[in-house]
1. Would you point out which residue out of 17, 27 is under 16 Å from the mean Cα position of the chain (by Cα), open to solvent by less than 90 Å² (accessible area, probe 1.4 Å) and acidic (Asp, Glu)?
2. Could you please find all residues in the stretch 76-112 being surrounded by 19 or more Cβ atoms within 10 Å (Cβ to Cβ) and either more than 16 Å from the ligand (Cβ to nearest atom) or free of Cβ contacts under 8 Å to residues at least 24 places away in the same chain (or both)?
3. Evaluate the stretch 38-45: report whether one residue or more is modelled with pLDDT of 95 or more, open to solvent by 20 Å² or more (accessible area, probe 1.4 Å) and not charged (D, E, K, R).
4. Of all residues in the stretch 132-169, which are of a type in the set (Val, Ile, Thr), within 13 Å of the ligand (Cβ to nearest atom) and open to solvent by 10 Å² or more (accessible area, probe 1.4 Å)?
5. With the stretch 99-169 as the region, which strands (runs of 3 or more DSSP E) entirely inside it contain at least 1 residues that are under 22 Å from residue 34 (Cα atoms)?
6. Please specify each residue of the stretch 8-31 satisfying the condition of being aliphatic (A, V, I, L, M) and either touching an Asp or Glu at 6+ places or on another chain (Cβ under 9 Å) or away from the ligand (no atom under 16 Å from the Cβ) (or both).
Amino acid sequence: MGDPRLLEKSKPVAQFDTPELHALIQDLEDTMKAMNGAGIAAPQIAVNQRVVIFGGFKSPRYPDADEVPYTVLINPVLEPLADDMEDGWEGCLSVPGMRGVVPRYTRLRYRGFDQYGKPIDRTVSGFHARVVQHECDHLDGILYPMRIRDLRDFGFADVLFPGQQLEDE
Ligand code: NI
């Protein structure tokens, strides 16, 4: 946080199944795994393209997390399916050591493409919906602290959740 590239609106991917795109996804996957992340967006490794990856992990903190399949999502379009929003704690690989309460839509449809250009169209809720919203925000230059409604719900992870290993997005 503080790097101006995280505040930019990223550009759509124009060509699928290219060596450059596959290399970018490998970099994202390596970074997410190395940092114990739940998801990561290309701008977080200084690439301003509309590419996110998430899921494919188990977490004691999120009982539903193993229902989120490993997903490469490119040029995503999000469509909330209800006005309902739910508060939940989030962290971010670009805001290390912090956690904050962020409102997110509880149910949404998302569409996009994988790295081969195959369409993705899913309707999701709960943690899956939260992760997608967090990652796709990165593509529009939005970091989760910008969405915290009450800054009293923002703090250091080791103070808020002592002794817990937490994933970041
Ligand atoms: Ni993040």
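1. Values: 17 fails: under 16 Å from the mean Cα position of the chain (by Cα).
The match here is 27.
2. 105, 108, 110, 112
3. Initial filter on the stretch 38-45 (modelled with pLDDT of 95 or more): 39-45.
Of the ones still in play, those that are also open to solvent by 20 Å² or more (accessible area, probe 1.4 Å) are 44-45.
Now restrict to residues that are not charged (D, E, K, R): 44-45.
Taking every residue of the stretch 38-45 in turn, at least one turns out to be modelled with pLDDT of 95 or more, open to solvent by 20 Å² or more (accessible area, probe 1.4 Å) and not charged (D, E, K, R).
4. Quick first cut of the stretch 132-169, residues of a type in the set (Val, Ile, Thr) only: 132, 142, 148, 159.
Next, only the ones that are within 13 Å of the ligand (Cβ to nearest atom) stay: 132, 142.
Residue satisfying the conditions is 142 alone.
5. 154-156
6. Keep residues of the stretch 8-31 that are aliphatic (A, V, I, L, M), which gives 13-14, 21, 23-25, 28.
Those that are aliphatic (A, V, I, L, M) and either touching an Asp or Glu at 6+ places or on another chain (Cβ under 9 Å) or away from the ligand (no atom under 16 Å from the Cβ) (or both): 13, 14, 21, 23, 24, 25.
Okay, residues lined up against (1) modelled with pLDDT of 95 or more; (2) under 24 Å from residue 48 (Cα atoms); (3) out of contact with any strand residue (DSSP E or B) (no Cβ under 9 Å at 6 or more places or on another chain):
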site	(1), (2), (3)
87	yes, no, no
92	yes, yes, no
103	yes, no, no
136	yes, yes, no
145	yes, yes, no
154	yes, no, no
166	no, no, no
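The values are calculated or read from the model by the stated rules, or taken from the named source; none is laboratory data. What you are looking at is a predicted structure, and each value in this text was computed from that prediction instead of being measured. For neighbour counting, all protein chains shown are included, and Cβ atoms are generated from backbone atoms with ideal geometry for every residue, glycine included. Surface areas here come from the heavy atoms of the whole protein model, side chains and all, with no ligands, DNA or RNA. Shrake-Rupley method; radii C 1.70, N 1.55, O 1.52, S 1.80 Å.
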